[in-house]
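To keep things clear, I will list the structure first and then write my remarks on it.
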Amino acid sequence: MANTVVFGSQWGDEGKGKIVDMLAEKANAIVRFQGGNNAGHTLVVNGETCILHLIPSGILHEGKKCIIGNGVVLDPVVFCKELDHLAARGVDVSPERLMVSNKTHVIMPYHQQMDTARESAKSDSNKIGTTGRGIGPCYEDKMHRCGIRAADLADKELLREKIARALEEKNVLFQHLYGLEPMSADTIFEELLPVAERVVPYLGDVSTAIQEAGNEVLFEGAQGTHLDIDHGTYPFVTSSNTVTGNAACGSGCSPRELERIVAIVKAYTTRVGGGPFPTEQLNEDGDYLQSQGGEFGATTGRKRRCGWLDLVVLRESVRLNGPTELAITKLDVLSGLKEIKLCVAYEYKGETIEYTPQEQNSLAHVKPVYEILPGWDEDITAARSWDDLPANAQAYLHRIEEITGVKVGLVSVGPDRAQTF
Ligand code: GDP
Ligand code: IMO
Ligand code: MG
């Protein structure tokens, strides 16, 4: 298998975990390169569901090396819980097959507290609706150059000192801005020690490990392109670069190593949390997609907002990520709809445009222009080839190819690993 990057083309939850699990069979190593346990990647194998937040979605394939890259932010408590959870299912999670980069930044309890304190202080319309996992504050410390890196977990003195230093500033904010109790550096340090001891055996040089895996590496993106810190619907975004360019930077390989690029495209659109969503359907169509698709967040359990496929957003994802193919997921969810709408342009300030306007929050003010395609009634969850699809489903996929200029390489018609062709 060529080195392959899998990325989310919308606002997350496109079904990346399922496709990574499926492609992992042919890879030597599977690498997460950004995000943290804000992600929730669902794998269904032989009817059994497994939700992963941090550990790469290749872990269910025996013997495949799974790697957490430098671009990830790692909550060590969540990491250990995930290890225990997988071990209880009989999955090998030994350091022989699982590695965490020395350079990965560590999410601390004060990052989580800062995340939730900031969100609570915001008015409803300004809330990002973060997952509350401390993702933003941890990336802030990384950029501020005061973060704790995974390698520091092996150095008790340095760890104690860094925690105390971080709290000097954060406790001022907790007490005087947010009206909270200050956090104790000693308590955080003592509670971290046993967890740190468990993480240390997993530390390694990821860049070298990727090189040693040869040209058979699968890079697993988290979140989606329109949650990207630079290219997403800022400020309603996450705090990392989710675009494929970051697969190289967030893992420690050269961009020249990235060959096959797979865009995961949900056959409609969903979004969790705040922020503009032009094709959102606050009506029975949206309710249909939500209930048929089982659209509840895999991390926070929140109901996902639902709407039609937005090809303006998707074309931008194509430009930003350079996919060599599209993987269309959840096509089965559209079965039973009389008509299916595809957003092909926006009306904005009296003009029809085919790109996303760039001013802050301008997506909240566009009006989608729809093309209406006929739906299909057939249950397609047993389809295993292109020819098994009803003509209207084929036409829907062809139209997506035409408008994006990218071929559909994979189709998913159900949550199980086997429901793919
Ligand atoms: P990710 O974050 O991109 O990995 O996606 P999530 O796991 O958060 O959400 C995708 C949801 O859709 C999960 O519950 C999957 O089991 C499910 N899923 C994935 N592909 C399909 C599909 O083709 N059809 C249906 N019905 N469900 C799917
Ligand atoms: P996967 O990998 C969907 C959203 C949150 C919030 C915003 C910022 O499963 O697709 P954060 O906690 O990252 O600071 O929250 O980003 N968000 C996701 N939405 N899927 C995800 O991951 C997400 N990770 C973060 O809901 O709106
Ligand atoms: Mg998810």
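With 0.36 nm allotted per residue and the present C-alpha distance subtracted, the ASP287-GLN394 stretch has 36.1 nm of extension available. Given the pairs LYS26/LYS266; LYS18/LYS341; LYS341/LYS367, which span a C-alpha to C-alpha distance of over 20 angstrom in this model? In this structure, LYS26/LYS266; LYS18/LYS341 lie more than 20 Å apart at Cα. Each peptide in 90-97, 217-224 gets a packing score, the mean of other Cβ atoms within 10 Å over its residues, and the list from highest to lowest is 217-224, 90-97.
For the ranges 110-119, 332-341, 176-185, what's the packing order if you count other beta-carbon atoms within 10 Å of each residue, average per peptide, and put the highest first? All intermediate terms of the calculation are to be shown ahead of the outcome.
Numbers: 110-119: 20.4, 332-341: 17.8, 176-185: 13.3.
By packing density, highest mean first, the sequence is 110-119, 332-341, 176-185.
Taken over the range 217-319, the convex hull of the Cα atoms encloses 117 Å³ per residue. A cut-off of 5 Å between modelled amide H atoms, ignoring neighbours fewer than 5 places along the same chain, links ALA345 with VAL369. For the pair GLN360 and ARG145, label points projected 7 Å from Cα toward Cβ lie 2.7 nm apart.
Order these by the 10 Å Cβ neighbour count, fewest first: TRP386, TRP308. Mind showing how you got there, number by number?
Numbers: TRP386 12, TRP308 23.
The fewest-first ordering by Cβ neighbours comes to TRP386, TRP308.
Residue separation of GLU169 and GLU378 scaled by 0.36 nm, minus their Cα-Cα distance, works out to 69.3 nm of gained length.
Could you list log10 I(q)/I(0) for the range 5-133 at q = 0.19, 0.22, 0.23 Å⁻¹, which the Debye formula gives when each Cα is one point scatterer? Values, matching the q order: -1.11, -1.39, -1.48. Put the Cα centre of the range 353-403 next to the Cα centre of the range 285-332 and the gap is 10 Å. Here the alpha carbons of the range 105-199 define both size measures, Rg and Dmax, at 13.6, 43 Å.
Taken over the range 264-411, the convex hull of the Cα atoms encloses 122 Å³ per residue.
Under the rule a/c < 1.5 gives rounded, and otherwise a/b versus b/c splits prolate from oblate, where does the range 183-233 land using the Cα gyration tensor? Oblate, because a/c is 1.5 or more while a/b does not exceed b/c. Taking a straight line from the alpha carbon of LYS170, these lysines sit under 16 Å away, with near neighbours fewer than eight places off in the same chain left out: LYS142, LYS162. For the range 310-387, what does the alpha-carbon gyration tensor say about shape, rounded, prolate or oblate, given a ≥ b ≥ c as the root eigenvalues, a/c under 1.5 as rounded, and a/b over b/c as prolate? Since a/c reaches 1.5 but b/c is at least a/b, the shape of the range 310-387 is classed as oblate. Shape annotation for the chain: C-alpha extents along the principal axes are 65, 48, 37 Å, from largest to smallest. Note that the range 284-340 carries a Kirkwood radius of 13.2 Å, evaluated over its alpha carbons pair by pair.
Just add up the charged neighbours of TRP386: K/R +1, D/E -1, any other residue whose Cβ is under 13 Å from the Cβ of TRP386. Please report the intermediate quantities before stating the final value.
Details: positive: ARG384, LYS407; negative: ASP387, ASP388, GLU401.
Charge balance in the 13 Å sphere: -1.
Each residue, VAL369 and LEU180, gets one label point 7 Å from its Cα in the Cβ direction; the gap between the two is 4.7 nm.
When each of LYS349, LYS142 is scored by the number of other beta-carbon atoms lying within 10 Å, the sequence from fewest to most is LYS349, LYS142. You can think of it this way: the chain between ASN126 and LEU158 has 7.8 nm of extra reach, that is 0.36 nm per residue less the Cα-Cα gap. Working note: 222 nm ellipticity from helices only, DSSP H runs with n ≥ 4, each -39,500 (n - 2.57), summed and divided by the residues of the chain, gives -9000 deg cm²/dmol to the nearest 500.
Laboratory data are not the source of any read-out in this text; all were calculated from the coordinates shown. If you're wondering where the values come from, they're calculated on a predicted model, not measured in any experiment. Glycine gets a Cβ as well: all are built from the backbone with ideal geometry, and neighbour counts include every protein chain shown.
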